[in-house]
Amino acid sequence: MQISNSGGTYYGQLGLQRSQDSLQQASAQVADASTALQSVSDTSNVANPQADIQDGLINANVSELNAKANAKVIGAADDMIGTLIDIKV
């Protein structure tokens, strides 16, 4: 019997990668908005850099929560594989 752990582990790793990509985008958004906020003396022509900073920070928080959830998926898949091996051996 071949035991494959590709299901939960694969999707957990894929989710972690997506969370990391999302966190990088959120960090870039915060950095760009804070740079725009500091470099512009007349803020009437700028969209709203403070709102962009807030959106970036919210997105960073969401990315963190997604990463934690995907880490739990990987942990659950690991526990399940360990349980299967203990039962079958």
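Here, each number is a calculation from the coordinates, and none is a lab measurement. Keep in mind the model is a prediction, meaning the values are calculated, not measured.
Between Ser27 and Leu65, 0.36 nm times their residue separation minus their Cα-Cα distance comes to what?
12.2 nm
Which whole-Hz ³J(HN,Hα) couplings does region 50-65 yield from phi under the Karplus relation 6.51 cos²θ - 1.76 cosθ + 1.60, θ = phi - 60°, glycine and proline marked x?
Each residue of region 50-65 in turn: 5, 5, 5, 5, 4, 4, x, 5, 5, 4, 5, 5, 4, 4, 5, 5 Hz.
Stretched out fully, how many nm does the piece from Ile81 to Leu14 gain, at 0.36 nm a residue minus the Cα gap?
Here the segment from Ile81 to Leu14 would lengthen by 22.3 nm.
Using the Karplus curve 6.51 cos²θ - 1.76 cosθ + 1.60 with θ = phi - 60°, what ³J(HN,Hα) values do you get for each residue of region 73-83, in whole Hz, with x for Gly and Pro?
Coupling constants for region 73-83: 4, 5, x, 5, 5, 5, 5, 5, 5, x, 5 Hz.
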